[in-house]
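Presented below is the structure to which this report refers.
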Amino acid sequence: MTTHLLYSLSWTQPECLLAAAALILAVLGAYLGDRAAGFLAWMAALVILVAGVLAIHFQAPAPQQVFSGAMVIDSFGAFVKALMAFAAAAALLLASDHFSGSTDKRFEFAVLALLSTLGFFVMASANNLMTLYIGLELQSLAAYVLAAFRRDDAKSSEAGLKYFVLGALSSGILLYGASLVYGFTGSLAFDHIAQNASSGNVGVIFGLVFLICGLAFKMSAAPFHMWTPDVYEGAPTPVTALFASAPKVAAVALLIRLLYEPFGDLLQSWRQVIVALSVLSLAVGTFAALVQTDIKRLMAYSSIANMGFVLMGMAAGGQAGVAAALMYLAFYVPATLGAFAIILAMRSGGTRMEKISDLAGLAARRPWMAFVLTAVFFSLTGIPPLAGFFGKFYVFQAALNAGLWPLVVFGALATVVGAGYYLWIIKTVWFDQPGPVFDRASGTIIAVAAVMTALTFPVLVAGLGSVEAWAKAAAAPF
(Lines give C-alpha, C1' and ligand atoms only; values in the text may rest on other atoms or scores of the structure.)
Protein backbone atom coordinates (compact mmCIF):
# COMPACT_ATOMS: atom_id res chain seq x y z
CA MET A 1 0.00 0.00 0.00
CA THR A 2 2.79 2.43 0.95
CA THR A 3 4.75 1.57 -2.19
CA HIS A 4 1.73 2.18 -4.38
CA LEU A 5 1.05 5.53 -2.70
CA LEU A 6 4.65 6.67 -3.14
CA TYR A 7 4.53 5.57 -6.79
CA SER A 8 1.34 7.60 -7.34
CA LEU A 9 2.75 10.65 -5.58
CA SER A 10 5.92 10.48 -7.67
CA TRP A 11 3.84 10.83 -10.86
CA THR A 12 1.60 13.59 -9.49
CA GLN A 13 4.26 16.01 -8.30
CA PRO A 14 2.68 18.97 -10.21
CA GLU A 15 -0.61 18.47 -8.37
CA CYS A 16 1.18 18.01 -5.03
CA LEU A 17 3.14 21.22 -5.63
CA LEU A 18 -0.03 23.21 -6.33
CA ALA A 19 -1.81 21.84 -3.24
CA ALA A 20 1.17 22.52 -0.97
CA ALA A 21 1.67 26.01 -2.40
CA ALA A 22 -2.00 26.88 -1.86
CA LEU A 23 -1.70 25.94 1.83
CA ILE A 24 1.58 27.82 2.29
CA LEU A 25 0.32 30.97 0.58
CA ALA A 26 -2.86 30.85 2.67
CA VAL A 27 -0.75 30.90 5.83
CA LEU A 28 1.51 33.65 4.46
CA GLY A 29 -1.52 35.69 3.44
CA ALA A 30 -3.09 35.35 6.87
CA TYR A 31 0.17 36.56 8.43
CA LEU A 32 1.12 39.33 5.97
CA GLY A 33 -2.39 40.54 5.18
CA ASP A 34 -3.82 42.04 2.01
CA ARG A 35 -0.81 44.29 1.48
CA ALA A 36 1.04 41.22 0.19
CA ALA A 37 -1.61 40.41 -2.45
CA GLY A 38 0.62 41.44 -5.37
CA PHE A 39 3.63 39.52 -4.05
CA LEU A 40 1.53 36.38 -3.46
CA ALA A 41 0.11 36.61 -6.99
CA TRP A 42 3.65 36.65 -8.38
CA MET A 43 4.57 33.66 -6.21
CA ALA A 44 1.47 31.77 -7.32
CA ALA A 45 2.27 32.50 -10.98
CA LEU A 46 5.80 31.15 -10.49
CA VAL A 47 4.49 28.00 -8.77
CA ILE A 48 1.99 27.38 -11.56
CA LEU A 49 4.68 27.76 -14.22
CA VAL A 50 6.89 25.28 -12.35
CA ALA A 51 3.93 22.88 -12.14
CA GLY A 52 3.49 23.18 -15.90
CA VAL A 53 7.15 22.37 -16.46
CA LEU A 54 6.88 19.38 -14.10
CA ALA A 55 3.81 18.17 -16.01
CA ILE A 56 5.87 18.11 -19.20
CA HIS A 57 8.74 16.37 -17.40
CA PHE A 58 6.55 13.68 -15.83
CA GLN A 59 5.12 12.16 -18.98
CA ALA A 60 5.90 8.55 -19.71
CA PRO A 61 6.09 6.82 -23.12
CA ALA A 62 3.02 4.83 -22.06
CA PRO A 63 0.10 6.11 -19.92
CA GLN A 64 0.62 5.54 -16.19
CA GLN A 65 -2.41 4.95 -13.97
CA VAL A 66 -2.05 6.22 -10.40
CA PHE A 67 -4.13 6.13 -7.23
CA SER A 68 -5.70 2.77 -8.18
CA GLY A 69 -6.64 4.02 -11.62
CA ALA A 70 -8.32 7.23 -10.47
CA MET A 71 -5.92 9.34 -12.54
CA VAL A 72 -3.81 8.74 -15.63
CA ILE A 73 -0.53 10.46 -16.52
CA ASP A 74 0.11 10.65 -20.26
CA SER A 75 1.22 12.93 -23.09
CA PHE A 76 -2.29 14.33 -23.53
CA GLY A 77 -2.40 15.47 -19.92
CA ALA A 78 1.07 16.99 -20.20
CA PHE A 79 0.03 19.11 -23.21
CA VAL A 80 -3.13 20.53 -21.68
CA LYS A 81 -1.55 21.02 -18.24
CA ALA A 82 1.28 23.03 -19.78
CA LEU A 83 -1.23 25.15 -21.71
CA MET A 84 -3.40 25.69 -18.62
CA ALA A 85 -0.38 26.58 -16.47
CA PHE A 86 0.70 29.14 -19.07
CA ALA A 87 -2.78 30.70 -19.15
CA ALA A 88 -3.27 30.72 -15.37
CA ALA A 89 0.18 32.20 -14.74
CA ALA A 90 -0.46 35.00 -17.27
CA ALA A 91 -3.82 35.78 -15.64
CA LEU A 92 -2.13 35.93 -12.21
CA LEU A 93 0.50 38.34 -13.50
CA LEU A 94 -2.26 40.56 -14.82
CA ALA A 95 -3.99 40.25 -11.45
CA SER A 96 -0.85 41.29 -9.58
CA ASP A 97 -0.84 44.51 -11.57
CA HIS A 98 -4.60 45.05 -11.29
CA PHE A 99 -4.83 44.61 -7.52
CA SER A 100 -1.63 46.51 -6.76
CA GLY A 101 -3.42 49.79 -7.43
CA SER A 102 -6.88 48.72 -6.37
CA THR A 103 -8.75 49.09 -3.12
CA ASP A 104 -10.24 45.60 -3.39
CA LYS A 105 -7.00 43.62 -3.34
CA ARG A 106 -7.20 40.45 -1.27
CA PHE A 107 -4.48 37.90 -0.61
CA GLU A 108 -7.05 35.13 -1.15
CA PHE A 109 -6.92 35.72 -4.90
CA ALA A 110 -3.62 33.86 -5.29
CA VAL A 111 -4.81 30.98 -3.09
CA LEU A 112 -8.06 30.60 -5.00
CA ALA A 113 -6.21 30.72 -8.33
CA LEU A 114 -3.88 27.94 -7.16
CA LEU A 115 -6.79 25.78 -6.01
CA SER A 116 -8.61 26.38 -9.27
CA THR A 117 -5.48 25.41 -11.23
CA LEU A 118 -5.19 22.25 -9.12
CA GLY A 119 -8.74 21.44 -10.21
CA PHE A 120 -7.73 21.99 -13.85
CA PHE A 121 -4.85 19.54 -13.48
CA VAL A 122 -7.06 16.90 -11.85
CA MET A 123 -9.62 17.28 -14.63
CA ALA A 124 -6.92 16.78 -17.26
CA SER A 125 -5.85 13.47 -15.68
CA ALA A 126 -9.27 12.15 -14.60
CA ASN A 127 -9.69 8.44 -15.28
CA ASN A 128 -13.01 7.74 -13.58
CA LEU A 129 -16.26 9.55 -12.94
CA MET A 130 -15.44 10.31 -9.31
CA THR A 131 -12.14 12.04 -10.17
CA LEU A 132 -13.93 13.85 -12.97
CA TYR A 133 -16.38 15.36 -10.53
CA ILE A 134 -13.80 16.15 -7.84
CA GLY A 135 -11.59 18.04 -10.30
CA LEU A 136 -14.55 19.86 -11.80
CA GLU A 137 -15.92 21.03 -8.47
CA LEU A 138 -12.50 21.94 -7.09
CA GLN A 139 -11.99 24.45 -9.86
CA SER A 140 -15.65 25.53 -9.92
CA LEU A 141 -15.94 26.39 -6.22
CA ALA A 142 -12.84 28.58 -6.42
CA ALA A 143 -14.16 30.15 -9.64
CA TYR A 144 -17.48 31.10 -8.02
CA VAL A 145 -15.62 33.10 -5.39
CA LEU A 146 -13.30 34.68 -7.95
CA ALA A 147 -16.27 35.84 -10.05
CA ALA A 148 -17.66 37.73 -7.03
CA PHE A 149 -14.24 38.84 -5.83
CA ARG A 150 -15.10 42.54 -5.96
CA ARG A 151 -17.72 42.06 -3.26
CA ASP A 152 -18.62 45.75 -2.91
CA ASP A 153 -19.49 45.96 -6.61
CA ALA A 154 -23.06 45.07 -7.62
CA LYS A 155 -22.05 43.70 -11.02
CA SER A 156 -19.37 41.46 -9.55
CA SER A 157 -21.75 40.11 -6.90
CA GLU A 158 -24.37 39.47 -9.57
CA ALA A 159 -21.80 37.68 -11.72
CA GLY A 160 -20.78 35.44 -8.83
CA LEU A 161 -24.37 34.62 -7.94
CA LYS A 162 -25.36 33.80 -11.51
CA TYR A 163 -22.26 31.68 -12.00
CA PHE A 164 -22.91 29.82 -8.74
CA VAL A 165 -26.61 29.11 -9.38
CA LEU A 166 -26.15 28.04 -12.99
CA GLY A 167 -22.98 26.15 -12.11
CA ALA A 168 -24.83 24.20 -9.43
CA LEU A 169 -27.49 23.34 -12.00
CA SER A 170 -24.88 22.12 -14.48
CA SER A 171 -23.22 20.04 -11.74
CA GLY A 172 -26.58 18.43 -10.99
CA ILE A 173 -27.03 17.60 -14.67
CA LEU A 174 -23.55 16.13 -14.83
CA LEU A 175 -24.07 14.07 -11.67
CA TYR A 176 -27.35 12.73 -12.99
CA GLY A 177 -25.60 11.64 -16.16
CA ALA A 178 -22.82 10.01 -14.14
CA SER A 179 -25.39 8.12 -12.05
CA LEU A 180 -27.04 6.79 -15.21
CA VAL A 181 -23.71 5.65 -16.62
CA TYR A 182 -22.77 4.01 -13.33
CA GLY A 183 -26.18 2.36 -13.02
CA PHE A 184 -26.10 0.83 -16.50
CA THR A 185 -22.40 -0.12 -16.58
CA GLY A 186 -21.76 -0.90 -12.91
CA SER A 187 -18.47 0.96 -12.79
CA LEU A 188 -16.96 4.42 -12.33
CA ALA A 189 -13.65 3.60 -14.06
CA PHE A 190 -13.32 4.71 -17.68
CA ASP A 191 -11.77 1.44 -18.88
CA HIS A 192 -14.53 -0.66 -17.30
CA ILE A 193 -17.21 1.67 -18.66
CA ALA A 194 -15.70 1.24 -22.14
CA GLN A 195 -16.13 -2.53 -21.88
CA ASN A 196 -19.80 -2.26 -20.94
CA ALA A 197 -20.82 0.75 -23.04
CA SER A 198 -19.90 -0.60 -26.45
CA SER A 199 -23.29 -2.31 -26.83
CA GLY A 200 -24.95 1.12 -27.12
CA ASN A 201 -27.36 0.70 -24.21
CA VAL A 202 -29.98 3.47 -24.35
CA GLY A 203 -29.53 4.29 -20.66
CA VAL A 204 -25.77 4.74 -21.15
CA ILE A 205 -26.35 7.03 -24.12
CA PHE A 206 -28.80 9.14 -22.10
CA GLY A 207 -26.23 9.37 -19.30
CA LEU A 208 -23.55 10.40 -21.78
CA VAL A 209 -25.75 13.19 -23.16
CA PHE A 210 -26.26 14.57 -19.64
CA LEU A 211 -22.51 14.40 -19.02
CA ILE A 212 -21.83 16.30 -22.24
CA CYS A 213 -24.38 18.96 -21.29
CA GLY A 214 -22.77 19.45 -17.88
CA LEU A 215 -19.32 19.89 -19.43
CA ALA A 216 -20.68 22.11 -22.21
CA PHE A 217 -21.66 24.58 -19.49
CA LYS A 218 -18.09 24.70 -18.22
CA MET A 219 -16.72 25.46 -21.68
CA SER A 220 -19.60 27.94 -22.34
CA ALA A 221 -20.86 26.17 -25.43
CA ALA A 222 -24.33 27.19 -26.61
CA PRO A 223 -27.06 26.66 -25.51
CA PHE A 224 -25.37 26.39 -22.08
CA HIS A 225 -23.67 29.77 -22.44
CA MET A 226 -26.16 32.00 -20.62
CA TRP A 227 -23.81 32.74 -17.71
CA THR A 228 -20.88 33.80 -19.87
CA PRO A 229 -21.62 37.44 -20.90
CA ASP A 230 -22.73 38.56 -17.43
CA VAL A 231 -19.83 36.85 -15.65
CA TYR A 232 -17.28 38.19 -18.13
CA GLU A 233 -18.66 41.71 -17.70
CA GLY A 234 -19.08 41.67 -13.92
CA ALA A 235 -15.95 39.84 -12.78
CA PRO A 236 -12.65 41.71 -12.35
CA THR A 237 -10.77 41.75 -15.67
CA PRO A 238 -7.93 39.42 -14.54
CA VAL A 239 -10.57 36.91 -13.40
CA THR A 240 -12.28 37.22 -16.77
CA ALA A 241 -8.93 36.60 -18.48
CA LEU A 242 -8.57 33.44 -16.41
CA PHE A 243 -12.13 32.28 -17.18
CA ALA A 244 -11.58 32.86 -20.90
CA SER A 245 -8.55 30.61 -21.07
CA ALA A 246 -7.56 27.90 -18.57
CA PRO A 247 -11.04 26.62 -17.54
CA LYS A 248 -12.01 26.20 -21.18
CA VAL A 249 -8.90 24.14 -21.87
CA ALA A 250 -9.67 22.00 -18.80
CA ALA A 251 -13.29 21.43 -19.83
CA VAL A 252 -12.27 20.52 -23.38
CA ALA A 253 -9.60 18.14 -22.07
CA LEU A 254 -12.09 16.45 -19.76
CA LEU A 255 -14.69 16.17 -22.52
CA ILE A 256 -12.12 14.62 -24.85
CA ARG A 257 -11.14 12.07 -22.22
CA LEU A 258 -14.80 11.26 -21.58
CA LEU A 259 -15.76 10.86 -25.22
CA TYR A 260 -12.71 9.11 -26.58
CA GLU A 261 -11.86 6.74 -23.72
CA PRO A 262 -14.98 5.18 -22.14
CA PHE A 263 -17.32 6.09 -25.03
CA GLY A 264 -15.00 5.82 -28.01
CA ASP A 265 -17.07 3.01 -29.53
CA LEU A 266 -20.18 5.22 -29.45
CA LEU A 267 -18.69 7.82 -31.80
CA GLN A 268 -21.69 7.85 -34.12
CA SER A 269 -24.00 8.44 -31.16
CA TRP A 270 -22.21 11.32 -29.46
CA ARG A 271 -20.96 12.94 -32.67
CA GLN A 272 -24.48 14.19 -33.37
CA VAL A 273 -24.58 16.00 -30.02
CA ILE A 274 -21.14 17.54 -30.52
CA VAL A 275 -22.04 18.73 -34.03
CA ALA A 276 -25.23 20.33 -32.69
CA LEU A 277 -23.29 22.09 -29.91
CA SER A 278 -20.73 23.29 -32.46
CA VAL A 279 -23.35 24.74 -34.79
CA LEU A 280 -25.25 26.45 -31.97
CA SER A 281 -22.05 27.87 -30.46
CA LEU A 282 -20.91 29.24 -33.80
CA ALA A 283 -24.30 30.81 -34.50
CA VAL A 284 -24.96 32.28 -31.06
CA GLY A 285 -21.41 33.51 -30.47
CA THR A 286 -20.99 35.04 -33.91
CA PHE A 287 -24.29 36.84 -34.32
CA ALA A 288 -24.65 37.99 -30.70
CA ALA A 289 -21.17 39.53 -30.76
CA LEU A 290 -22.17 41.79 -33.66
CA VAL A 291 -24.40 43.94 -31.45
CA GLN A 292 -22.20 44.29 -28.37
CA THR A 293 -20.89 47.65 -27.18
CA ASP A 294 -18.97 46.40 -24.11
CA ILE A 295 -15.58 44.91 -24.99
CA LYS A 296 -15.74 42.23 -22.28
CA ARG A 297 -19.19 41.07 -23.37
CA LEU A 298 -17.92 40.92 -26.94
CA MET A 299 -15.03 38.73 -25.78
CA ALA A 300 -17.57 36.50 -24.03
CA TYR A 301 -19.49 35.85 -27.24
CA SER A 302 -16.22 35.51 -29.12
CA SER A 303 -15.20 32.73 -26.73
CA ILE A 304 -18.53 30.96 -27.33
CA ALA A 305 -17.92 31.05 -31.09
CA ASN A 306 -14.34 29.82 -30.64
CA MET A 307 -15.58 26.86 -28.60
CA GLY A 308 -17.69 26.01 -31.65
CA PHE A 309 -14.52 25.56 -33.68
CA VAL A 310 -12.95 23.42 -30.95
CA LEU A 311 -16.07 21.22 -30.91
CA MET A 312 -15.79 20.91 -34.69
CA GLY A 313 -12.39 19.31 -34.26
CA MET A 314 -13.71 16.99 -31.54
CA ALA A 315 -16.63 15.93 -33.74
CA ALA A 316 -14.18 14.78 -36.41
CA GLY A 317 -13.11 11.91 -34.15
CA GLY A 318 -9.84 10.02 -34.02
CA GLN A 319 -6.35 11.31 -33.32
CA ALA A 320 -6.62 13.90 -36.10
CA GLY A 321 -9.69 15.46 -34.49
CA VAL A 322 -8.12 15.60 -31.02
CA ALA A 323 -4.87 17.06 -32.40
CA ALA A 324 -6.82 19.72 -34.33
CA ALA A 325 -8.79 20.72 -31.20
CA LEU A 326 -5.59 20.95 -29.15
CA MET A 327 -3.83 23.07 -31.76
CA TYR A 328 -6.81 25.41 -31.96
CA LEU A 329 -6.70 25.87 -28.18
CA ALA A 330 -2.94 26.46 -28.28
CA PHE A 331 -3.45 29.33 -30.73
CA TYR A 332 -6.64 30.67 -29.12
CA VAL A 333 -5.30 31.08 -25.59
CA PRO A 334 -2.44 33.56 -26.31
CA ALA A 335 -4.64 35.73 -28.54
CA THR A 336 -7.36 35.90 -25.89
CA LEU A 337 -4.93 36.72 -23.09
CA GLY A 338 -3.33 39.41 -25.26
CA ALA A 339 -6.74 41.02 -25.77
CA PHE A 340 -7.45 40.99 -22.03
CA ALA A 341 -4.04 42.53 -21.28
CA ILE A 342 -5.07 45.51 -23.41
CA ILE A 343 -8.53 45.64 -21.82
CA LEU A 344 -6.82 45.82 -18.44
CA ALA A 345 -4.70 48.72 -19.72
CA MET A 346 -7.81 50.68 -20.72
CA ARG A 347 -7.76 53.16 -17.84
CA SER A 348 -8.15 56.91 -17.94
CA GLY A 349 -7.50 58.83 -14.75
CA GLY A 350 -7.57 55.53 -12.86
CA THR A 351 -11.09 54.74 -14.14
CA ARG A 352 -11.71 51.49 -16.01
CA MET A 353 -12.81 51.98 -19.63
CA GLU A 354 -14.61 48.94 -21.07
CA LYS A 355 -16.71 50.29 -23.96
CA ILE A 356 -15.64 49.59 -27.53
CA SER A 357 -16.13 53.30 -28.26
CA ASP A 358 -13.39 54.04 -25.70
CA LEU A 359 -10.90 52.50 -28.14
CA ALA A 360 -11.57 55.24 -30.74
CA GLY A 361 -8.32 56.53 -32.23
CA LEU A 362 -6.20 54.32 -29.98
CA ALA A 363 -3.51 54.17 -32.66
CA ALA A 364 -2.87 57.89 -32.23
CA ARG A 365 -2.77 57.67 -28.42
CA ARG A 366 -1.11 54.35 -27.68
CA PRO A 367 0.29 52.82 -30.92
CA TRP A 368 1.61 49.70 -29.18
CA MET A 369 -1.82 48.91 -27.77
CA ALA A 370 -3.35 49.34 -31.22
CA PHE A 371 -0.77 46.97 -32.70
CA VAL A 372 -1.42 44.31 -30.05
CA LEU A 373 -5.20 44.48 -30.53
CA THR A 374 -4.80 44.30 -34.30
CA ALA A 375 -2.53 41.24 -34.09
CA VAL A 376 -4.68 39.29 -31.63
CA PHE A 377 -7.99 40.10 -33.34
CA PHE A 378 -6.57 39.23 -36.77
CA SER A 379 -5.43 35.93 -35.25
CA LEU A 380 -8.87 35.26 -33.72
CA THR A 381 -10.44 36.10 -37.08
CA GLY A 382 -8.23 33.55 -38.80
CA ILE A 383 -6.36 35.85 -41.16
CA PRO A 384 -3.12 34.35 -42.54
CA PRO A 385 -0.30 34.16 -41.73
CA LEU A 386 -1.24 34.55 -38.06
CA ALA A 387 -1.58 31.53 -35.78
CA GLY A 388 -5.39 31.62 -35.64
CA PHE A 389 -5.54 30.88 -39.37
CA PHE A 390 -3.71 27.60 -38.84
CA GLY A 391 -5.98 26.71 -35.94
CA LYS A 392 -9.06 27.04 -38.14
CA PHE A 393 -7.29 25.28 -41.01
CA TYR A 394 -6.56 22.21 -38.88
CA VAL A 395 -10.11 21.86 -37.51
CA PHE A 396 -11.62 22.38 -40.97
CA GLN A 397 -9.27 19.77 -42.42
CA ALA A 398 -10.07 17.23 -39.68
CA ALA A 399 -13.84 17.78 -40.10
CA LEU A 400 -13.59 17.47 -43.91
CA ASN A 401 -11.65 14.21 -43.63
CA ALA A 402 -14.41 12.91 -41.34
CA GLY A 403 -17.07 13.76 -43.96
CA LEU A 404 -18.55 16.65 -41.96
CA TRP A 405 -18.51 19.09 -44.89
CA PRO A 406 -21.83 20.81 -43.96
CA LEU A 407 -20.31 21.69 -40.59
CA VAL A 408 -17.19 23.03 -42.32
CA VAL A 409 -19.30 25.20 -44.64
CA PHE A 410 -21.21 26.58 -41.65
CA GLY A 411 -17.94 27.21 -39.82
CA ALA A 412 -16.53 29.07 -42.85
CA LEU A 413 -19.64 31.27 -43.02
CA ALA A 414 -19.41 31.95 -39.28
CA THR A 415 -15.76 32.96 -39.78
CA VAL A 416 -16.75 35.49 -42.43
CA VAL A 417 -19.55 36.95 -40.29
CA GLY A 418 -17.35 36.93 -37.20
CA ALA A 419 -14.71 38.95 -39.02
CA GLY A 420 -17.24 41.78 -38.92
CA TYR A 421 -16.98 42.51 -35.19
CA TYR A 422 -13.23 42.02 -35.04
CA LEU A 423 -12.68 44.35 -38.01
CA TRP A 424 -15.13 46.83 -36.51
CA ILE A 425 -12.90 47.12 -33.44
CA ILE A 426 -9.78 47.45 -35.58
CA LYS A 427 -11.48 50.19 -37.62
CA THR A 428 -12.39 51.98 -34.39
CA VAL A 429 -8.82 51.71 -33.16
CA TRP A 430 -7.14 52.99 -36.33
CA PHE A 431 -9.57 55.33 -38.07
CA ASP A 432 -11.98 56.91 -35.56
CA GLN A 433 -11.37 60.26 -33.91
CA PRO A 434 -9.24 59.89 -30.76
CA GLY A 435 -11.01 59.76 -27.42
CA PRO A 436 -9.62 60.22 -23.89
CA VAL A 437 -5.96 59.38 -23.36
CA PHE A 438 -5.32 56.13 -21.47
CA ASP A 439 -3.00 56.02 -18.50
CA ARG A 440 0.47 54.63 -19.04
CA ALA A 441 0.39 50.84 -18.76
CA SER A 442 2.58 49.02 -16.26
CA GLY A 443 5.59 46.94 -17.24
CA THR A 444 3.73 43.75 -16.33
CA ILE A 445 0.89 44.46 -18.75
CA ILE A 446 3.31 45.44 -21.51
CA ALA A 447 5.37 42.27 -20.98
CA VAL A 448 2.32 39.96 -21.00
CA ALA A 449 0.89 41.71 -24.08
CA ALA A 450 4.23 41.46 -25.90
CA VAL A 451 4.55 37.73 -25.22
CA MET A 452 0.99 37.02 -26.31
CA THR A 453 1.39 39.10 -29.46
CA ALA A 454 4.56 37.24 -30.40
CA LEU A 455 2.71 33.94 -30.01
CA THR A 456 -0.03 35.02 -32.43
CA PHE A 457 2.48 34.87 -35.24
CA PRO A 458 3.20 31.35 -36.57
CA VAL A 459 5.27 30.82 -33.43
CA LEU A 460 8.22 32.25 -35.31
CA VAL A 461 7.93 29.85 -38.27
CA ALA A 462 9.73 26.81 -36.82
CA GLY A 463 7.47 26.81 -33.77
CA LEU A 464 4.36 26.00 -35.80
CA GLY A 465 5.72 22.57 -36.69
CA SER A 466 6.72 22.01 -33.08
CA VAL A 467 3.21 22.75 -31.79
CA GLU A 468 1.71 20.48 -34.46
CA ALA A 469 4.09 17.63 -33.59
CA TRP A 470 3.42 18.05 -29.87
CA ALA A 471 -0.36 18.11 -30.40
CA LYS A 472 -0.20 14.96 -32.50
CA ALA A 473 1.88 13.24 -29.82
CA ALA A 474 -0.65 14.36 -27.20
CA ALA A 475 -3.47 12.87 -29.27
CA ALA A 476 -1.67 9.52 -29.59
CA PRO A 477 -3.44 7.87 -26.58
CA PHE A 478 -6.74 8.23 -28.45
## Note on the structure
Taking Cα atoms, the helix 387-401 axis meets the longest principal axis of the chain at an angle in degrees (rounded to 10) of 30
### Task
Pairs of Cα atoms under 8 Å, at least six residues apart: use those to get the relative contact order of the chain, whole percent.
15
### Query
Which of the aspartates and glutamates could a cross-linker bridge to Lys355, judged by Cα under 13 Å and excluding same-chain residues fewer than eight apart?
Glu233, Asp294
### Summary
For Asp439 and Ala469, extending 7 Å from Cα along the Cα-Cβ vector and measuring point to point gives, in nm, a value of 4.6
### Query
Which FRET efficiency value, to the nearest 0.05, do you get for Ile383 and Ile134 by plugging their Cβ-Cβ distance into 1/(1 + (r/R0)^6) with R0 = 45 Å?
0.65
## Note on the structure
Taking Tyr232, Tyr260 and ranking on accessible area (1.4 Å, protein atoms only), highest first, one gets Tyr260, Tyr232
### Query
Using alpha carbons only, how many degrees (0 to 90, rounded to 10) separate the axis of helix 75-100 from the longest principal axis of the chain?
30
### Query
Once the whole set of protein chains is in place, how much accessible area is left on Lys105, using a 1.4 Å probe, in Å² to the nearest 10?
60
### Query
So between Arg347 and Asp432, what do we pick up on full extension, going 0.36 nm a residue minus the alpha carbon distance?
28.7 nm
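Could you do me a favour and compute the accessible area per residue for the chain, 1.4 Å probe, result in Å²?
For the chain, the per-residue accessible area is 36 Å².
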### Query
With axes computed from alpha carbons, what is the tilt in degrees of helix 405-431 against the longest principal axis of the chain, rounded to the nearest 10 within 0 to 90?
20
### Query
In percent, how large is the relative contact order of region 119-267, given Cα pairs closer than 8 Å and 6 or more residues apart?
31
### Query
Using a ≥ b ≥ c from the Cα gyration tensor of region 225-310 (square roots of the eigenvalues), is it rounded, prolate or oblate, where a/c under 1.5 gives rounded and otherwise the larger of a/b and b/c decides, a/b for prolate?
oblate
### Heavy-atom SASA rank of Leu23, Leu329 (probe 1.4 Å, accessible area, largest first)
Leu23, Leu329
### Summary
Yeah, region 169-211 with a ≥ b ≥ c from its alpha-carbon gyration tensor (a/c under 1.5 is rounded, else prolate when a/b outruns b/c, oblate otherwise) is prolate
#### Entry: Dimensionless Rg over Rh [the chain; C-alpha; Kirkwood]
0.95
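Keeping every protein chain in place, order Tyr394, Tyr182, Tyr7 by accessible area at 1.4 Å, biggest value first, i.e. largest first.
Listed by decreasing accessible area, they come as Tyr182, Tyr7, Tyr394.
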### Message
Classify region 78-235 from the C-alpha gyration tensor, please: rounded if a/c falls under 1.5, else prolate or oblate depending on whether a/b exceeds b/c.
### Response
prolate
### Query
With every protein chain left in place, what is the accessible area of Thr293 in Å² (1.4 Å probe, nearest 10)?
90
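Based on the Cα atoms of region 358-478, what semi-axes does the equivalent ellipsoid have, where each is the square root of 5 times one gyration tensor eigenvalue, given in whole Å with the largest first?
On the way: eigenvalues 208, 79, 16 Å².
They are 32, 20, 9 Å, listed largest first.
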### Task
Determine the calculated [θ] at 222 nm for the chain from helices alone, applying -39500 (n - 2.57) to every DSSP H run no shorter than 4 residues and normalising by the residue count; nearest 500 deg cm²/dmol.
-25500 deg cm²/dmol
### Simple spin-label estimate for Thr3 and Gln397 in nanometres, 7 Å along Cα-Cβ
4.7
### Task
Whenever you get a sec, compute what percent of the accessible area on the chain sits on carbon and sulfur atoms (1.4 Å probe).
70
### Query
Lys/Arg Cβ at +1, Asp/Glu Cβ at -1, dipole of the chain taken about the Cα centre: which of Gln292, Val122, Ile173 is farthest positive-ward?
Gln292
#### Entry: Extended-chain gain in nm, criterion 0.36 nm per residue less alpha-carbon gap, Ala276 and Lys355
25.2 nm
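The values are calculated or read from the model by the stated rules, or taken from the named source; none is laboratory data. Model, not experiment: these values are computed from the prediction. Counting neighbours? That spans all protein chains shown, and the Cβs are built from the backbone with ideal geometry, glycine included. For accessibility, only protein heavy atoms count, side chains too; no ligands or nucleic acids. Shrake-Rupley method; radii C 1.70, N 1.55, O 1.52, S 1.80 Å.
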